[in-house]
Amino acid sequence: MATRVRWLGHAALWIESDGQTVLIDPFLTGNPTAAAKAGDLAPDFILVSHGHPDHLGDTIAIAKTTGAIVVCNYEMSEWLTRQGVSKVHGQQHGGAHAFVFGRVKFTQAFHGSSLPDGSYGGNPCGFLITFRDGTKVYDAADTGLFGDMRLIGEEGIDLAILPIGDNYTMGPEDSIRAIKLLTPKKVMPIHYNTFDLIAQDADAWARAVRQQTQAQPVVIKPGEWTTV
Ligand code: NI
Ligand code: MN
């Protein structure tokens, strides 16, 4: 079965590949654009890019209810263990690990990562995921533009998932520069239109992607799917 991605709103993503389910940055409770309820999701894995509440989201509740394995940086994995989450897997930038659904490499992200109680959350990350069907998905998560996106692009990305909301992350213009470095086949925008502060015109962004890059823009609404 092809790898497919459902946008759940903001930075939350649901990915199905080879019978496995992966939930990324599950901010659902309190997310005005959430396309699913935390209690309705039973993922095999949860990937968390950093400790901010709009990414950590419902991770603890879902992990405790379902027994999902939480993949995050080492500092957050220790913190989640102290919160009673039993299955955690810690990694750091540049390190990859093979899971049953595929291989996850942690990539750098220029952002912050404090946890809700003020604990140190380690460094924020993005994810380069190579699924068992060979498809590669890069979720930049919350970050500004950085030149080493060129190195990530050298790995051959099928789908890049980039924030375009501006203010807390790169905005539309820098995302175009990121696409030129990453050279993905397809690119999907996230982390916009959740709140007024990060409102963006996704159709204008898609036109700019088509005009200025070789990538195919994939603009979907929260709740919709795309195939990698
Ligand atoms: Ni953040
Ligand atoms: Mn965020």
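Here are some notes:
- The conditions of being farther than 21 Å from Ala34 by Cα, open to solvent by 20 Å² or more (accessible area, probe 1.4 Å), aliphatic (A, V, I, L, M) and touching a strand residue (DSSP E or B) at 6+ places or on another chain (Cβ under 6 Å) are met by Val228.
- For first residues located in region 42-58 and under 19 Å from Gln108 (Cα atoms), partners that are more than 16 Å from ligand 1 (Cβ to nearest atom) and assigned to a loop (DSSP other than H, G, I, E, B) and lie 6+ apart or on another chain with Cβ distances below 8 Å form the pairs Ile46/Ala68.
Residue-by-condition table, conditions (1) of a type outside the set (Ser, Thr, Tyr); (2) within 14 Å of ligand 1 (Cβ to nearest atom); (3) surrounded by fewer than 18 Cβ atoms within 10 Å (Cβ to Cβ); (4) not in a loop (DSSP other than H, G, I, E, B):
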{"site": "Phe127", "(1), (2), (3), (4)": "yes, no, no, yes"}
{"site": "Thr143", "(1), (2), (3), (4)": "no, yes, no, no"}
{"site": "Leu151", "(1), (2), (3), (4)": "yes, no, yes, yes"}
{"site": "Ile161", "(1), (2), (3), (4)": "yes, no, no, yes"}
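- Whichever residue in region 146-201 is acidic (Asp, Glu) and within 16 Å of ligand 2 (Cβ to nearest atom) and, among such residues, is nearest to the chain's Cα centre (by Cα): Asp166
- Test result for Asp174, free of Cβ contacts under 8 Å to residues at least 60 places away in the same chain, part of a loop (DSSP other than H, G, I, E, B), open to solvent by 10 Å² or more (accessible area, probe 1.4 Å) and over 20 Å from Val5 (Cα atoms): no
- Filtered by the rule that a residue be of a type in the set (D, E, K, R), away from ligand 1 (no atom under 16 Å from the Cβ) and either assigned to a strand (DSSP E or B) or open to solvent by less than 20 Å² (accessible area, probe 1.4 Å) (or both), region 8-29 gives a lone residue, Glu16.
- The listed residue being farther than 20 Å from Asp148 by Cβ and either open to solvent by less than 60 Å² (accessible area, probe 1.4 Å) or modelled with pLDDT under 95 (or both), out of Lys186, Lys221: Lys186
The values are calculated or read from the model by the stated rules, or taken from the named source; none is laboratory data. Fair warning: this is a prediction, and the values are worked out from it, not measured in the lab. Ideal geometry is used to build each Cβ from the backbone, glycine not excepted, and the neighbour counts take in all protein chains shown. SASA here: full protein model, heavy atoms, side chains in, ligands and nucleic acids out. Shrake-Rupley method; radii C 1.70, N 1.55, O 1.52, S 1.80 Å.
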